[in-house]
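Notes follow the structure.
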Amino acid sequence: MFISRIALNKARYGARQLISSPYKLHAAVECAFPPNAVRNNDEGRILWRLDTSVADNGVWLYVVSPEKPDFMHIVEQAGWPMHAEWETKNYEPLLERIAKGQRWHFKLRANPVRKAKEDRGRRRRNGGIVGKVQGHVTVGQQLQWLIDRSASHGFAILCDQNDRPDVVVRERHKENFKRADATVTLVTVVFEGCLEVTDAELFCKTLCQGIGRAKGFGCGLLTIAPDLNN
């Protein structure tokens, strides 16, 4: 597995096109790998996420993948062609370090949703039909969505001094973008906080396979960094 990042130049039209359309950015990420490349297997799959840097308002594309990518086409379309650079590192050394009880700072952009369990009689709007996937819209619902999935993904959310989940919920958006002739609507949110590894094998799988739906549209990639408070 590999983890990569590349800076996008917002001054360029191509970058703005990619940033505004998860569908187009998904296609660009896919093109970083040849047709015969492994995109999804038992070890991991292609995951990506756009991050905005608070320090300089820059935009970074992060990608985790089973094979090493080539981002030259993204550099030419949306980066700095005179400085064709991106970072790619072997993910295995980090994965091999993961152990139960470790604490990490984490970041995740996710698509927190649920399936409707009952028909509330709103068929005209398709809002209450059993089995319909609906996005969680409140901070409480979105945070609970993450907490409910933590154990099955090998981690637990840590709490602060007031015994509240040590997680910041931000960049809460309802995104609409074109996919062929259809309009796709996604509820997305960014979680940042602190976690503890409860099952090393499950957690490594989470880092390589992601969490939740809409992975092809920039959701599900969990990244970690040392927790400086421990």
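All of the numbers you see were taken from the coordinates with simple rules; none came from a lab. Note that the structure is predicted; figures quoted are calculated from it, not measured. All Cβ positions, glycine included, derive from the backbone under ideal geometry; neighbour counts span all protein chains shown.
Considering only the other residues whose Cβ falls under 13 Å of the Cβ of Cys208, what net charge follows from Lys and Arg at +1 and Asp and Glu at -1?
-2
Could you tell me the relative contact order of the chain? Use alpha-carbon pairs under 8 Å, at least six residues apart, and round to a whole percent.
27 percent.
Once amide H atoms are placed 1.01 Å from N in the peptide plane, what residues at a sequence separation of 5 or more from Gly79, or on another chain, have their amide H within under 5 Å of its amide H?
Asn9
Could you state the number of Å between the C-alpha centres of segment 142-192 and segment 53-110?
Computed from Cα coordinates, the inter-centre distance equals 20 Å.
Just to confirm a number: summing +1 for Lys and Arg and -1 for Asp and Glu over residues other than Leu186 whose beta-carbon lies under 11 angstrom from that of Leu186, what do you get?
+3
Obtain the radius of gyration and the Kirkwood radius of segment 98-226 from its C-alpha atoms and give Rg over Rh.
Expressed as Rg/Rh, it is 1.02.
Multiplying the sequence separation of Lys24 and Arg12 by 0.36 nm and subtracting their Cα-Cα distance, what value in nm do you get?
Gain in length upon complete extension: 2.8 nm.
Reachable lysines from Lys89, Cα under 28 Å, same-chain residues fewer than 8 places away excluded?
Lys10, Lys24, Lys68, Lys100, Lys107, Lys205, Lys215
Can you sort Lys178, Lys68 so the residue with the fewest Cβ neighbours within 10 Å comes first?
Ordered from fewest to most neighbouring Cβ atoms within 10 Å, Lys178, Lys68 come out as Lys178, Lys68.
Dipole magnitude of segment 98-226 about its Cα centre, charges +1 at Lys/Arg Cβ and -1 at Asp/Glu Cβ only, in debye to the nearest 20?
Value, rounded to 20: 880 debye.
Among Ser4, Ser20, which comes first, second and so on when ranked by fewest other beta-carbon atoms within 10 Å?
Ser20, Ser4
Enumerate the calculated ³J(HN,Hα) couplings along segment 86-93 in order (Karplus 6.51 cos²θ - 1.76 cosθ + 1.60, θ = phi - 60°), each rounded to whole Hz, writing x wherever the residue is Gly or Pro.
For segment 86-93, the Karplus-derived couplings read 8, 10, 9, 10, 5, 7, 4, x Hz, x marking Gly and Pro.
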